[in-house]
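Only one structure is covered here, and it is reproduced in the block below.
The values are calculated or read from the model by the stated rules, or taken from the named source; none is laboratory data. This one's a predicted model, so the numbers in the text were calculated from it and none came from an experiment. FYI the Cβ positions are ideal-geometry reconstructions off the backbone, even for glycines, and counts take in every protein chain you see. These accessible areas exclude ligands, DNA and RNA; they are computed on the full protein's heavy atoms, side chains included. Shrake-Rupley method; radii C 1.70, N 1.55, O 1.52, S 1.80 Å.
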Amino acid sequence: MKPSLAFLFCLVAPLVAEERPTFYPFDITLGGTKAEMKAGNELFAEVGKPVTADAVLALEKEVPMLIVNAFPCKEDGTVEEAQAAAIIFANNVKEVKLDATMDKKKLAPGTYLANVVAEGKTSRIVFTVAAPDAKPKVDFSKVLGFLKKKAGQ
């Protein structure tokens, strides 16, 4: 008796399917740079180049609802409690600009932890908004250390 093709596919598909990280279930491109999970970092994907305050955040496909919550943080990952989170909400989009916040304020230069929610999943990214005249600097190792310590509490 020959095994059916569908049965063989069911056995092999899980072996072929790429496992997505828990905190990065879908890809995000910000300012033309794709966010990446770095080795040893399972908490967020990093956007490796600083972006402008009006950079485009893009997904792979159009989604019915997109929510972005960007929290300003210090270099060590501590969220700036005195500053409100930037919130972006859009329907039937594939991309939004960072300056499309609900309060119409541009993101100030600095580091941000962001939750990007689409189709019932959340991808977590960290990125830097560069000052127009500043030399870009991107090093998220302090953020990772802080969040790992916080998770261990």
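Could you tell me which of rounded, prolate or oblate describes segment 28-118, using a ≥ b ≥ c as the square roots of the eigenvalues of the alpha-carbon gyration tensor, with rounded for a/c under 1.5 and, failing that, prolate when a/b is larger than b/c and oblate otherwise? Here segment 28-118 falls in the oblate category. The label point for GLU80 and the one for ASP99, both projected 7 Å from the Cα toward the Cβ, are 1.8 nm apart.
Which FRET efficiency value, to the nearest 0.05, do you get for ALA39 and LYS150 by plugging their Cβ-Cβ distance into 1/(1 + (r/R0)^6) with R0 = 30 Å? Approximately 0.90, to the nearest 0.05. Across the protein chains, with a 1.4 Å probe defining accessible surface, the residues MET102, MET65 rank MET102, MET65 from largest area downward. With θ taken as phi - 60° and the Karplus curve 6.51 cos²θ - 1.76 cosθ + 1.60 applied, the whole-hertz 3J(HN,Hα) list for segment 56-68 is 8, 9, 10, 9, 6, 8, 5, 10, x, 9, 10, 10, 10 Hz, x standing for glycine and proline. Accessible-area rank, largest first, for PHE127, PHE26: PHE26, PHE127, with all protein chains present and a 1.4 angstrom probe.
Extension gain for ALA108-THR22 works out to 28.1 nm (0.36 nm per residue, less the C-alpha to C-alpha distance).
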